[in-house]
Amino acid sequence: MNEEEMKNMEEEETLDQQENVVSDSAADEDTVVSDSVADNESPADAEAPVEEEEEKDPLEQAQAEIEQLKTQILYKTAEFDNYRKRTLKEKAELILNGGEKAVSAILPVIDDMERALANGEKTDDPAVLREGMELIYNKMMKALESLGVKKIDTDNADFDTDMHEAVAMVPGMGDDKKGKVIDCLQAGYQLNDKVIRHAKVAVGQ
């Protein structure tokens, strides 16, 4: 082989190597472009479309609200009925046992009266019997005061139709006694400032 042929063979090998380098570069560029296109795809495009929630039927919604209101009305009606029954029961018990406090206050006085009667058989001294009655009377008045009961004042009091009941008129008592209570024939009483019995009095004229 002469020198010229060897030179031609070397030039052909060099051209083949350059063509292989160009082909590899082109393949790499294609790969980079493909990856870039894949990366630029939107995630929303890959997701499946979400179905929109169906709106509730207005008629069904109205019927549900009506049922709820009916339930509330039934509950309130039952609650009011229970309250009414409880109130009636409490009122009946109050009427039936309303005097319990008064009776409890008077019972000790009755006990004293029973003891006084038993002791009265053992003595004939009027002073002792009178003293015992006064003690019982004072105890009874205190018991009534604890219940809100007080005696209406009539001593030298002006005649008051709200407090007194005139059962007699006494003439000739002078101007200073005119319209005044001269005598009390029956005591009157108030319960918590309410007159429960007017005092029966004689009035100067």
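The values are calculated or read from the model by the stated rules, or taken from the named source; none is laboratory data. Quick caveat, the model's predicted, so the values are computed rather than measured. Heads up, the Cβs are rebuilt from the backbone with ideal geometry, glycines too, and the neighbour counts pull from every protein chain shown. With ligands, DNA and RNA removed, areas are computed over all heavy atoms of the protein, side chains included. Shrake-Rupley method; radii C 1.70, N 1.55, O 1.52, S 1.80 Å.
See the values below:
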quantity	calculated
Failed criterion for MET133 (all others in (1) in contact with a helix residue (DSSP H, G or I) (Cβ under 9 Å, 6 or more places away or on another chain); (2) open to solvent by less than 60 Å² (accessible area, probe 1.4 Å) hold)	(2)
Single condition LYS101 does not satisfy, out of (1) open to solvent by 100 Å² or more (accessible area, probe 1.4 Å); (2) at pLDDT below 90; (3) over 44 Å from the mean Cα position of the chain (by Cα); (4) not small (Gly, Ala, Ser)	(3)
Test result for GLY172, within 44 Å of the chain's Cα centre (by Cα) and modelled with pLDDT under 95	no
Test: residue in segment 139-155 that is assigned to a helix (DSSP H, G or I), free of Cβ contacts under 8 Å to residues at least 12 places away in the same chain and open to solvent by 80 Å² or more (accessible area, probe 1.4 Å)	yes
Among (1) at pLDDT 90 or above; (2) farther than 19 Å from ASN192 by Cα; (3) open to solvent by 100 Å² or more (accessible area, probe 1.4 Å) - the single one LYS122 does not satisfy	(1)
Any hit, segment 66-88, residues being open to solvent by less than 100 Å² (accessible area, probe 1.4 Å) and closer than 26 Å to GLY148 by Cβ	yes
Extreme residue, farthest from LYS142 (Cα to Cα), among residues of segment 168-185 that are in a strand (DSSP E or B) and open to solvent by less than 70 Å² (accessible area, probe 1.4 Å)	VAL170
Positions within segment 156-167 being surrounded by 13 or more Cβ atoms within 10 Å (Cβ to Cβ) and either closer than 18 Å to MET113 by Cβ or of a type in the set (D, E, K, R) (or both), in sequence order	ASP160, GLU165
Tally of residues being touching a Leu at 6+ places or on another chain (Cβ under 7 Å) and under 22 Å from ILE106 (Cβ atoms) across segment 148-201	2
Counted residues, segment 186-195 - those being surrounded by fewer than 14 Cβ atoms within 10 Å (Cβ to Cβ) and in a strand (DSSP E or B)	3
